[in-house]
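The values are calculated or read from the model by the stated rules, or taken from the named source; none is laboratory data. Predicted, not measured: the structure shown is a model, and the values here were computed from it. Cβ coordinates were reconstructed from backbone atoms using ideal geometry, including for glycine residues, and neighbour counts include every protein chain displayed. With ligands, DNA and RNA removed, areas are computed over all heavy atoms of the protein, side chains included. Shrake-Rupley method; radii C 1.70, N 1.55, O 1.52, S 1.80 Å.
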Amino acid sequence: MGPRVGRPGAAPPAPFPRPATGAEGLKVGGGPSPSVTTVDVLVVGAGPAGSTLAYELARRGHAVRVLEEHPRVGYPVQCAGLVSERVLQLAGSRAMVLGPVHGAAVFSPSLRSIAFRAPDPRAYVIDRARLDRDLADRAARAGAEFVTGARFDGFGDGPPGVRVARVSHADGRSSEIACRLVVGADGVASAVARAARLPRRIEILPAFEAEIPNSPGDPDRVEIYLGNRIAPGLFGWWIPDTEGGARVGIAARADGTPARTYFERLRAQIGRRFGRELAGPVGFLVSGIPIGSLDRWTADGVLLVGDAAAQVKPLSGGGIFTGMRAAGIAAEVADAALSAGTLDARSLSEYDRRFDRELGEEFRRAFYLRRIFTRLTDEDFERLLLALEEAGTAASIVAFGDIDFPTHVARQLLLQSPSLLRLFPKAVGAWLSRGGGPRAPDLDAGPRRRSAT
Ligand SMILES: Cc1cc2nc3c(=O)[nH]c(=O)nc-3n(C[C@H](O)[C@H](O)[C@H](O)COP(=O)(O)OP(=O)(O)OC[C@H]3O[C@@H](n4cnc5c(N)ncnc54)[C@H](O)[C@@H]3O)c2cc1C
């Protein structure tokens with residue numbers, strides 16, 4: 001399919017409005033120039049973060065164009081599709097929900113487990129492609145223009161205050177787009193971050209997932225599998241899908257072991273748990289989860305959102321809620337900056353500050369707990385599960401569990417279970433009992449190393 005301009009999956013949009021951008025009449029480069037269009041804002045990437053931001057700016061009257069390198073928004077799906085109620089609220093729709101999830105179980109390497117079930121839904125399994133398409137449709141209805149099969153390649157030369165994006169189209173054409181603001185919503189490998197020279201010292205966890213069309217298991221709960229042979233650095237998951245299927249996958253530290261190997265170990269582990277092999281995996285997906293924090297998300301006329309900015313929850317790798325919320329904050333800041341004509345890095349960095357005020361504390365605590373988590377041995381995981389079991393933690397998990405703010409329940413469990421706390425350095429207990437905070441105790445005996453996580 002060639003490049004497409006218009007609504008993703010709907011009738012073409014109304015003619016694109018062209019308010020004054022300051023970039024009209026721009027001559028780009030020398031010689032025969034490729035076609036140049038001008039917009040206020042160019043959003044690169046039509047994932048949940050990009051389409052949310054495009055919607056928020058388009059409905060405020062800005063001329064927004066969205067580039068998506070794939071021919072269809074939402075494909076290929078690279079996600080397990082487990083989200084909180086907040087995501088449905090931010091999307092303004094429940095149409096993509098396949099089913100609610102009321103409970104979860106966590107398994108140690110020896111399959112010791114703890115489980116809980118809440119009276120109310122704690123998460124939703126969604127059709128992820130549908131979420132992306134619906135968010136893009138909403139943005140298009142607000143006036144954003146989508147171009148699919150169009151890849152951002154980098155920046156060309158432009159006058160001060162104007163960013164010129166070089167674009168390759170699936171049909172072999174190339175074009176340039178002049179704009180006042182470029183939003184990098186282009187995911188884990190962000191070309192915009194690279195082109196804007198925004199350093200990304202992050203750890204990328206390779207992920208591997210498959211669909212198991214026929215799986216035993218409780219369709220009302222998700223299962224998490226811990227262990228350094230299965231998924232060092234994160235975990236494996238079993239998530240119920242529609243009609244008796246499941247989404248099974250891992251994300252793990254990049255240690256040279258192929259992600260597929262870890263996936264096969266998880267499949268064998270789940271087979272042991274169910275007492276029968278999980279047969280016939282289909283629809284494999286291979287991707288990466290960015291964990292870590294960037295020094296900056298903004299440069300002159302550029303900002304990053306979502307996976308491009310590594311706005312992913314460090315304890316779970318989930319990034320849909322955080323990316324969409326960041327897009328909402330970024331849109332408010334960008335709207336003010338576009339109106340005031342101040343799109344320099346300093347003005348845009350108000351976005352970093354506002355994100356930090358809202359979610360920074362959760363991220364700092366989660367990074368800290370993650371550093372502890374990644375040091376646990378398989379024996380530690382056994383002790384952890386035993387301690388959780390003995391402390392009768394199910395009620396606390398129901399009371400405090402929140403997939404978007406997992407440190408709340410982690411803190412509660414650590415405080416309520418002395419044997420659990422004994423697994424961790426003493427200083428952690430003191431830090432948590434003070435309510436956490438930015439001054440977490442140092443875990444390293446030696447000099448502090450700058451770490452990606
Ligand atoms: C295996 C796996 C399972 C996951 N499960 C969950 C989950 O259950 N719940 C959850 O909350 N999160 C989950 N995540 C994380 C979640 O998928 C991401 O955090 C989320 O998709 C980030 O959204 P985004 O809009 O920032 O980026 P993306 O969704 O990655 O969208 C980026 C878009 O940019 C496009 N693009 C990239 N480069 C260019 C370019 N140069 N030019 C034009 N377009 C470009 C891409 O094609 C893509 O459409 C999972 C991730 C993985 C890998």
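Give the residues of the stretch 150-172 that are closer than 19 Å to residue 334 by Cβ, in contact with a strand residue (DSSP E or B) (Cβ under 6 Å, 6 or more places away or on another chain) and away from the ligand (no atom under 14 Å from the Cβ), sorted by residue number.
Scanning the stretch 150-172 gives 158, 162, 163, 164.
Restricting the search to the stretch 68-91, which residues are near the ligand (Cβ under 7 Å from one of its atoms) and under 17 Å from residue 251 (Cβ atoms)?
78, 79, 80, 81, 82, 83
Check every one of the helices (runs of 4 or more DSSP H) wholly within the stretch 320-424 and list those with 2 or more residues that are open to solvent by 10 Å² or more (accessible area, probe 1.4 Å) and either within 20 Å of residue 56 (Cα to Cα) or of a type in the set (Gly, Ala, Ser) (or both). Write out each step before concluding.
On the way: elements: 320-340, 345-348, 350-355, 361-373, 378-390, 394-400, 406-416, 418-421.
Once the helices (runs of 4 or more DSSP H) in the stretch 320-424 are filtered for at least 2 residues that are open to solvent by 10 Å² or more (accessible area, probe 1.4 Å) and either within 20 Å of residue 56 (Cα to Cα) or of a type in the set (Gly, Ala, Ser) (or both), what remains is 320-340, 345-348, 350-355, 394-400.
Just need a number here: residues in the stretch 304-319 that are more than 8 Å from the ligand (Cβ to nearest atom) and either assigned to a loop (DSSP other than H, G, I, E, B) or aromatic (Phe, Trp, Tyr) (or both).
Counting residues in the stretch 304-319 that are more than 8 Å from the ligand (Cβ to nearest atom) and either assigned to a loop (DSSP other than H, G, I, E, B) or aromatic (Phe, Trp, Tyr) (or both) gives 3.
Does residue 94 satisfy the condition of being of a type in the set (Lys, Arg), more than 12 Å from the ligand (Cβ to nearest atom) and under 16 Å from residue 330 (Cα atoms)? Outline the logic, then answer.
Details: of a type in the set (Lys, Arg): yes; more than 12 Å from the ligand (Cβ to nearest atom): yes; under 16 Å from residue 330 (Cα atoms): no.
No, not satisfied.
Cβ contacts < 8 Å: first residue open to solvent by 10 Å² or more (accessible area, probe 1.4 Å), restricted to the stretch 33-59; second residue of a type in the set (D, E, K, R) and more than 15 Å from the ligand (Cβ to nearest atom), any location; separation 6+ or different chain. Result?
Within 8 Å, the pairs are 33/27; 38/18; 38/24; 56/332; 56/335.
The rows are residues; the columns are (1) at pLDDT below 95; (2) of a type outside the set (Ser, Thr, Tyr).
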| residue | (1), (2) |
| --- | --- |
| 91 | no, yes |
| 118 | yes, yes |
| 124 | no, no |
| 149 | no, yes |
| 167 | no, yes |
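Run residue 115 past the list (1) within 27 Å of residue 144 (Cβ to Cβ); (2) open to solvent by 30 Å² or more (accessible area, probe 1.4 Å) and report the number of the one that doesn't hold.
Among (1) within 27 Å of residue 144 (Cβ to Cβ); (2) open to solvent by 30 Å² or more (accessible area, probe 1.4 Å), residue 115 violates only (1).
Residues are listed down the side, and each one gets a yes or a no for (1) in the same structural domain as residue 163 (by TED's automatic domain parsing); (2) more than 8 Å from the ligand (Cβ to nearest atom); (3) free of Cβ contacts under 8 Å to residues at least 60 places away in the same chain:
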| residue | (1), (2), (3) |
| --- | --- |
| 252 | no, yes, yes |
| 268 | no, yes, yes |
| 299 | yes, yes, no |
| 322 | yes, no, no |
| 326 | yes, yes, no |
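Checking the structure you have, find out if any residue of the stretch 267-282 is assigned to a strand (DSSP E or B), surrounded by fewer than 23 Cβ atoms within 10 Å (Cβ to Cβ) and at pLDDT below 95. Let's see the steps before the verdict.
We begin by selecting, within the stretch 267-282, every residue assigned to a strand (DSSP E or B); these are 282.
Subsequent filtering for residues that are surrounded by fewer than 23 Cβ atoms within 10 Å (Cβ to Cβ) retains 282.
Among the residues that remain, those that are also at pLDDT below 95 are: 282.
So far as the stretch 267-282 goes, yes, one or more of its residues are assigned to a strand (DSSP E or B), surrounded by fewer than 23 Cβ atoms within 10 Å (Cβ to Cβ) and at pLDDT below 95.
I'd like to know if the stretch 126-133 contains one or more residues that are open to solvent by 40 Å² or more (accessible area, probe 1.4 Å), modelled with pLDDT of 95 or more, over 30 Å from residue 165 (Cβ atoms) and part of a loop (DSSP other than H, G, I, E, B). Quick ask: steps written out before the conclusion?
The first filter runs over the stretch 126-133 and keeps only residues open to solvent by 40 Å² or more (accessible area, probe 1.4 Å), leaving 127-128, 130, 133.
Of the ones still in play, those that are also modelled with pLDDT of 95 or more are 127-128, 130, 133.
Adding the requirement that they be over 30 Å from residue 165 (Cβ atoms) leaves 127.
Subsequent filtering for residues that are part of a loop (DSSP other than H, G, I, E, B) retains 127.
There is at least one residue in the stretch 126-133 that is open to solvent by 40 Å² or more (accessible area, probe 1.4 Å), modelled with pLDDT of 95 or more, over 30 Å from residue 165 (Cβ atoms) and part of a loop (DSSP other than H, G, I, E, B).
Restricting attention to the stretch 173-183, does a residue exist that is at pLDDT below 95, of a type outside the set (Gly, Ala, Ser), away from the ligand (no atom under 15 Å from the Cβ) and under 30 Å from residue 150 (Cα atoms)?
no
For residue 305, state whether it is surrounded by 22 or more Cβ atoms within 10 Å (Cβ to Cβ), of a type in the set (Val, Ile, Thr) and over 17 Å from residue 104 (Cα atoms). Working first, answer last.
Working: surrounded by 22 or more Cβ atoms within 10 Å (Cβ to Cβ): yes; of a type in the set (Val, Ile, Thr): yes; over 17 Å from residue 104 (Cα atoms): yes.
So residue 305 passes the test.
Inside the stretch 229-244, can you point out the residues that are at pLDDT 95 or above and surrounded by fewer than 18 Cβ atoms within 10 Å (Cβ to Cβ)? Spell out how you get there, then give the answer.
So the first thing to find is which residues in the stretch 229-244 are at pLDDT 95 or above, and the list is 229-240.
Matches in the stretch 229-244: 229 only.
Taking the conditions exactly as written (surrounded by fewer than 23 Cβ atoms within 10 Å (Cβ to Cβ), assigned to a helix (DSSP H, G or I) and either at pLDDT 95 or above or not hydrophobic (A, V, I, L, M, F, W, C) (or both)), does residue 257 satisfy them or not?
On the way: surrounded by fewer than 23 Cβ atoms within 10 Å (Cβ to Cβ): yes; assigned to a helix (DSSP H, G or I): no; either at pLDDT 95 or above or not hydrophobic (A, V, I, L, M, F, W, C) (or both): yes.
No: the conditions fail for residue 257.
Check off (1) more than 11 Å from the ligand (Cβ to nearest atom); (2) buried (at least 18 other Cβ atoms within 10 Å of the Cβ); (3) not assigned by TED's automatic domain parsing to the domain that holds residue 335 for residue 209 and give me the number that stays unchecked.
Every listed condition holds for residue 209 apart from (1).
For the stretch 176-206, enumerate the residues that are surrounded by 18 or more Cβ atoms within 10 Å (Cβ to Cβ) and not hydrophobic (A, V, I, L, M, F, W, C). Break it down into steps so the answer makes sense when it comes.
Pass one, the stretch 176-206, residues surrounded by 18 or more Cβ atoms within 10 Å (Cβ to Cβ): 176-188, 190-193, 195-196, 198, 200, 202-206.
Once the filter is applied, which keeps residues that are surrounded by 18 or more Cβ atoms within 10 Å (Cβ to Cβ) and not hydrophobic (A, V, I, L, M, F, W, C), the stretch 176-206 yields 176, 180, 184, 186, 187, 190, 200, 203, 206.
Can you go through 56, 68 and tell me which one is of a type in the set (Asp, Glu) and either touching a helix residue (DSSP H, G or I) at 6+ places or on another chain (Cβ under 6 Å) or not assigned by TED's automatic domain parsing to the domain that holds residue 329 (or both)? Can you show your working first?
Numbers: 68 fails: either touching a helix residue (DSSP H, G or I) at 6+ places or on another chain (Cβ under 6 Å) or not assigned by TED's automatic domain parsing to the domain that holds residue 329 (or both).
Step by step, each of 56, 68 is checked, and only 56 is of a type in the set (Asp, Glu) and either touching a helix residue (DSSP H, G or I) at 6+ places or on another chain (Cβ under 6 Å) or not assigned by TED's automatic domain parsing to the domain that holds residue 329 (or both).
Could you please give the count of residues in the stretch 151-178 that are in contact with a Lys or Arg (Cβ under 9 Å, 6 or more places away or on another chain) and within 16 Å of residue 35 (Cβ to Cβ)? Full working, then the answer.
Going residue by residue through the stretch 151-178, those that are in contact with a Lys or Arg (Cβ under 9 Å, 6 or more places away or on another chain) are 152-156, 161-163, 167-170, 174-178.
Restricting the remaining residues to those that are within 16 Å of residue 35 (Cβ to Cβ) gives 152-153, 156, 167-170, 174-178.
Qualifying residue count, the stretch 151-178: 12.
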